[in-house]
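The values are calculated or read from the model by the stated rules, or taken from the named source; none is laboratory data. This one's a predicted model, so the numbers in the text were calculated from it and none came from an experiment. Because the Cβ atoms are built from the backbone with ideal geometry, glycine has one as well, and the counts that use them run over all protein chains shown. The area values use the complete protein model at the heavy-atom level, side chains included, leaving out ligands, DNA and RNA. Shrake-Rupley method; radii C 1.70, N 1.55, O 1.52, S 1.80 Å.
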Amino acid sequence: MKLQPIDLSAVTTYPIAERKNKVSLERDFAAAVTSGMTVSALLVAMPKQLGAENLNAVIDAVVAARRKGKPVVIAIGGHVIKCGLQPVLKALIDAGVVTAVAMNGSASIHDYEISLIGETSEDVGAVLHCGTFGMAEETGRDINRALKAGVAEGLGYGGALGRFIHENRNPHAEASLLATCHAKGIPATVHVAMGTDIVHQHPEADGAVLGQATFTDFRLFASVVATLGDGGVFINIGSAVIMPEVFLKALSIAQNMGFHVDHFTTANFDMQQHYRPLQNVVKRPTAGDSRGLAITGHHEIMIPLLAAGILDKIGPRRD
């Protein structure tokens, strides 16, 4: 059968006034952006859609959580430190916004090196084949010794390393998230997979110590997660595997032990949305009466914007 172009004269139409639309000029469009706007005004001016809507929702959730006295927990990957965001995150800690910090092993290493020499992140490709990648003496020596001393006293990885940075008076200790958490007495946990970090390559590495240190921190992190219900916020920034997996298991423990963590908010900030953060941070934990949000963008842009929006709404701290 030879087909002919269809005759459109029989197509029926209806008035556009009867159509339901997803985007409205009055409701959803951005407001004008003007010179001298505050961060809060800029955020309000953003379109009430998609990423902008999610970003503002995270800011509102964090502000509401702190006004209610509920925890705000941030989990980070190493790239967050390499982007130079310690001062931004430290400002949130200093303002009493962030109540607990969790990170993978690479983040703790970058945090330590910044505290020691004010620099971090070697050129892996340039040194891998000559056998010197990850072999900096001070990094492996100091971190492994800090963990051995801390584990002997019952400390976890984050607490032991934060204390070491503080007591060793590292030249740039003020830039360290772990040292800041130690000084302020808030939980800072480090979660490692054996063999993933350069400090595991060093002669002083002790698998039993590393395992005990991070296991202690896992248990501490589970206690933190157990308090998230009824208004808390958990934000994962730039960890595609370790922190989403650790968060899911900690949440399972909390639910199993009867804490019934619900009515809370999760958010995943990353340059692209990966499977595990979407499932283990945004979707699965919030399947009940909670809310999960995904915000895509470069950390060095989105996290300062997030922090500025939160601090603008909270205002000066009153101790």
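Using alpha carbons only, how many degrees (0 to 90, rounded to 10) separate the axis of helix 299-314 from the longest principal axis of the chain?
The two axes meet at around 80 degrees.
Which percent of the accessible heavy-atom area of the chain goes to carbon and sulfur, probe 1.4 angstrom? Please list the in-between numbers first.
On the way: 9150 of 16270 Å².
Looking at the chain in its full context, I get 56 percent from C and S.
Give me the compactness ratio for the chain, meaning the Cα radius of gyration over 2.2 N^0.38 Å. Intermediate values should be presented prior to the final figure.
Working: Rg = 23.2 Å, N = 319, 2.2 N^0.38 = 19.7 Å.
Against the compact-globule rule of thumb, the ratio is 1.18.
Arrange the peptides 14-23, 60-69, 182-191 so that the one whose residues have, on average, the most other Cβ atoms within 10 Å appears first.
Working: 14-23: 6.7, 60-69: 17.2, 182-191: 21.2.
With the highest mean Cβ count within 10 Å placed first, the list reads 182-191, 60-69, 14-23.
Along the Cα→Cβ direction, 7 angstrom out, place labels at residue 153 and residue 35. What is the inter-label distance in nm?
5.6
Can you give me the relative contact order of segment 180-319 as a percent, contacts being Cα pairs under 8 Å and 6 or more apart? Walk me through the intermediate numbers first.
Values: 186 pairs, mean separation 27.3, N = 140.
Once normalised by length, the contact order is 19 percent.
In percent, how large is the relative contact order of segment 1-120, given Cα pairs closer than 8 Å and 6 or more residues apart? Can you show the working numbers first?
Working: 78 pairs, mean separation 21.0, N = 120.
Once normalised by length, the contact order is 18 percent.
Write down the accessible area per residue of the chain in Å², having rolled a 1.4 Å probe over the full set of protein chains.
Computed with neighbouring chains in place, this is 51 Å² per residue.
Between segment 172-227 and segment 13-86, how many Å separate their Cα centres?
Cα centres, segment 172-227 to segment 13-86: 32 Å.
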